[in-house]
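Chemist: Questions regarding the structure given below will be posed in turn.
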Amino acid sequence: MLNFQIYMETSRPKLSLMRIQLQTVIRSLGADFETQQRKLNQLLNDFYQRMNNDLLIGFFFEGKDLHHIAHQQSQFLLNAAGLIEKFEGKGPHSAHLEMAPILDGHFDRRLVILRETLKANGVQEHMIELWISFESTFRNVVVSKN
């Protein structure tokens, strides 16, 4: 698995293979950038709602603005894919600092919910695998070391 940690707090991804894979996933969502962006936002809103409702990880989202989080995640992904120039939000490490510790099981559950969300929204299986692969690179950055 590629270590994407060097990307964490910068505005531009450093690994071109991951960038190309993520571009491929996002471009598969629609014929033009506006459609891709709209579909990405819909997917992420569904994804964060599902995580919020989940018994294992829902507590992470109590009192949070899910639409804002989904929008920030969308902007992060679009920037990581090289499809927008700037991402002004927090990187994965700093975005999770003030949360309860995220354990491996929480991270795994997030990936399960992501896969379920993408399948339910008609994303092709090979695109799901690329997306999961991208998300998995953040395990060492987000999961608590304690």
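Chemist: Can you tell me which residue is farthest from Gln42 (Cα to Cα) among those in region 120-140 that are of a type outside the set (A, V, I, L, M, F, W, C) and assigned to a helix (DSSP H, G or I)?
Modeler: Checked region 120-140; the qualifying residue farthest from Gln42 (Cα to Cα) is Asn140.
Chemist: A further question follows. For region 97-119, state whether one or more residues are among the acidic types (Asp, Glu) and in a loop (DSSP other than H, G, I, E, B).
Modeler: Taking every residue of region 97-119 in turn, at least one turns out to be among the acidic types (Asp, Glu) and in a loop (DSSP other than H, G, I, E, B).
Chemist: Looking only at region 20-58, how many residues end up being over 19 Å from Ile128 (Cβ atoms), free of Cβ contacts under 8 Å to residues at least 40 places away in the same chain and aliphatic (A, V, I, L, M)?
Modeler: Qualifying residue count, region 20-58: 2.
Chemist: Please list, ordered by first then second residue, the pairs with beta carbon atoms under 6 Å, 6 or more apart or interchain, first in region 66-78 and under 17 Å from Leu22 (Cα atoms), second of a type in the set (A, V, I, L, M) and surrounded by fewer than 18 Cβ atoms within 10 Å (Cβ to Cβ).
Modeler: Leu78/Ile84
Coordinate-derived values only; no laboratory data. Computed from a prediction, not measured in an experiment: that's the story for all the values here. Neighbour counts run over all protein chains shown; Cβ positions are idealised from the backbone, glycine included.
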